[in-house]
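Reading through the structure tokens given below for one structure.
The values are calculated or read from the model by the stated rules, or taken from the named source; none is laboratory data. What you see is a predicted model, and the numbers here were worked out from it, not measured in a lab. Note: ideal-geometry Cβ built from the backbone for every residue, glycine included; neighbour counts use all protein chains shown.
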Amino acid sequence: MTAVTTQPRDEKLLPPITELPPGLKELQNITEIKIHQHLDSTEVFCCWQRPARYSLYDGTKEEEHFLYAQEVSECYARQCLGANRGFVMKLSNADQQEVLRLQRPLRCPCGICWWWCCCIQELNIESPPGTHIATISEDRSFCCCPGYYITSDDDRILFRISFSCFLCKLCASVSIQITERGEPVAEITKNCSGNCKDFCGTENEYTIKFLKDLHVQDKIIILGSSFLIDYNFFERQQRTCC
């Protein structure tokens, strides 16, 4: 297994903001992103999952969405594997230009597979599509408390994501912290409104709050990483089946 180390990053390696396409360039001034998943009761109660669809908004304005995410996956995987399925997530701007791609390989969900590499949940982040910039991987250093770390394309740890050991994901507000060298830089929050939509799973919406002034590429990486958290925790708990 390749060792990963936490090292200071060379800011010269980050792309100039002027080279970013519309949809990603807006992230420069955004401090809060609201991710809304489009769901209907037929998907939930009939246990027939369509490809996931999301609209992304500036959480402080909630005007027109600046990005739209569309899942690409096999039908059998959605119906049989549920939230554990492998997929490609394509994020496009208002001009329908794909600006960010997320690839999640299929992994054994049971956690007791003989081959450790077959169990670790991970998601690869590409921006522009085809150019790998980061990977979020499950951290199984502690068997009781879940966690993740985000690495660059040269295996340097950029961020860590930590959870409470007693995280309740069903009908409860959740806050997940993202840190850089031990310092909080962002958090993923999912607020429970207490209505029947939360209980039945016909509503899924979470927010990313940036606690520091981060480079746009850091925001892109954190945004992409949040989708693995959504599948592994929020989506898995909001279904009446699989």
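Annotation: of all residues in the range 196-215 being of a type in the set (Val, Ile, Thr) and at pLDDT 95 or above, the one that is surrounded by the fewest Cβ atoms within 10 Å (Cβ to Cβ) is Thr207.
Scanning the range 74-98 for residues that are in contact with a strand residue (DSSP E or B) (Cβ under 6 Å, 6 or more places away or on another chain) and surrounded by fewer than 19 Cβ atoms within 10 Å (Cβ to Cβ) gives Gly86, Val88, Lys90, Ser92, Glu98.
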